[in-house]
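Notes follow once the structure below has been shown.
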Amino acid sequence: MTMFDFPDSITRTRPAEGNNPATSVRISTVYLLRGVIVDQIITFFSQWEHFSNPYKKKLIWFKSEFTSGKPDVVVVDEGEVLTIARDRGLEGVITVYVREDLPETAEKVLPPMYLRVMPLLLPI
Amino acid sequence: MGSENSSFGLQSNCRLAEYLNNALRNDIWKAKQRGDSTQEEVSASTFLHRWTYIVESNFQRTYLTTPLSSFFRASIYQPPGEGSLELRETLTEIQTWVSKNLSDPGVSTILDALEDTFWSTAGSACITEFSDVLLINLKREDREGGAGVEILPKMSLARFASDNYEQAQTELRMRKGIHETLDRLRKREDSLTWIRAGKIYRATDVLQATIQYLSGVEGTKLVDVDDDDDGEAGGRMDIDSESTLPSISALLKTSVETLGEKVQGILVFRYG
């Protein structure tokens, strides 16, 4: 028997409002690590790459370091994030978790101007 | 038309920013301390918690169509119990102290630390509303650096959901019982084990060896060696000086079985 093996979601009922009937809403209980504040110098944050494509979707991690007075942001592996968060941070660490089913706004990225196909304007 | 929209958006943004700024400043000046907390500084979580409250209270002045009630705010509930009060709170950040019991072995995760916070001896709490964004502040009790536990890139907080509260508490009690039993078992095994000249001796092993030896010699005649040393002629002729070794290996086997039951039978005794 596995202990604490609960489903990864709960279902809540939203009461009826006006003409809208009561609805059931599924809420995920799974959280994803999206950021770590180690101290005032080092902070890790992440960004989805290919968010809308489930096959290529990947979380990219960045480390921002303010050691020499200027910000230095570099791409890092997730493993480095987890290792540093475990061992560093004089006042502990703050982890930022985001619920898995939270819809993220994905900006539609347009191709560069020179690749865009302009609508053909025909003279009347 | 386009310029009108831009102008309206800029104006609205300014109004909103000014409103939020003033609301936060007034809010912080009015109440520096939150509840029983002695923390006066405006931490990131305090800011987000209050920001959510202010936006929710007057979201008509924002671009939002519905309040962001659960964006930065989770609701927790602690039922009243023995020695614990009923609690209802909303929070943005869970502040967790990582004990040495968790950090020293090096195998614990952030979930273990959260269990210590949610299921403390003072009472067990649960999450009634899950927030979209959750901050977890991990501080080690031994004041060493870092979180002290493994940070999980993905974790389920289903065990803390109010929907699973009763089952989680049952399983928690079961796990505590198993831990106590294993601890007793370890202590019992330690008491039945001793070390001589760098070698570990276990009571059961010693008894097994004794049985093996005695089963080979029991029933044979025992000769009093001291009588031979006396040098008296005819000592071995005295039939009264010889005795038969008693059959005690059966008794020893019973002892081994009893010992085995004591060592291994605690779980059976507790959980039938």
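The values are calculated or read from the model by the stated rules, or taken from the named source; none is laboratory data. Here the structure is a predicted model, which is why all the values come from computation and not from measurement. Backbone-built Cβ (ideal geometry, glycine too); neighbour counts: all protein chains shown.
Checking each residue in region A:18-47 for being loosely packed, with under 13 Cβ neighbours inside 10 Å, of a type in the set (Val, Ile, Thr) and more than 30 Å from A:LYS63 (Cα to Cα) picks out A:THR23, A:VAL25. Annotation: of all residues in region A:1-13 being part of a strand (DSSP E or B) and within 20 Å of A:GLU100 (Cβ to Cβ), the one that is nearest to the other protein chains (Cβ to nearest Cβ) is A:ILE10.
Within region B:154-175, the residues that satisfy the criterion of being more than 7 Å from chain A (Cβ to nearest Cβ) and farther than 10 Å from B:TRP119 by Cβ are B:SER162, B:TYR165, B:GLU166, B:GLN167, B:THR170, B:ARG173, B:MET174. Just one of the listed residues (B:SER75, B:SER131) is of a type outside the set (Val, Ile, Thr) and either assigned to a loop (DSSP other than H, G, I, E, B) or under 20 Å from the mean Cα position of the chain (by Cα) (or both), and it is B:SER131. Confirm whether B:GLY106 is in the same structural domain as B:ARG143 (by TED's automatic domain parsing) and more than 27 Å from B:ARG143 (Cα to Cα). No, not satisfied.
Among the residues that make up region B:170-179, is at least one of them part of a helix (DSSP H, G or I), surrounded by 11 or more Cβ atoms within 10 Å (Cβ to Cβ), modelled with pLDDT of 70 or more and touching a strand residue (DSSP E or B) at 6+ places or on another chain (Cβ under 7 Å)? Yes, that holds for at least one residue. Screening B:LEU182 with (1) surrounded by 17 or more Cβ atoms within 10 Å (Cβ to Cβ); (2) part of a helix (DSSP H, G or I) gives one miss only, at (1).
Can B:ARG143 be described as within 22 Å of B:SER43 (Cα to Cα) and either outside the structural domain of B:PRO79 (by TED's automatic domain parsing) or surrounded by fewer than 16 Cβ atoms within 10 Å (Cβ to Cβ) (or both)? Yes, satisfied.
Rundown of residues vs (1) hydroxyl-bearing (Ser, Thr, Tyr); (2) part of a loop (DSSP other than H, G, I, E, B); (3) within 30 Å of A:VAL93 (Cβ to Cβ), yes/no style:
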| residue | (1), (2), (3) |
| --- | --- |
| B:GLN60 | no, no, no |
| B:PRO67 | no, yes, no |
| B:PHE71 | no, yes, yes |
| B:TRP97 | no, no, yes |
| B:ASN101 | no, no, yes |
| B:VAL107 | no, yes, yes |
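Taking the criterion of being without any contact (Cβ under 8 Å) to a residue 12 or more places away in the chain and touching a strand residue (DSSP E or B) at 6+ places or on another chain (Cβ under 8 Å), the only residue of region B:81-106 that qualifies is B:GLU86.
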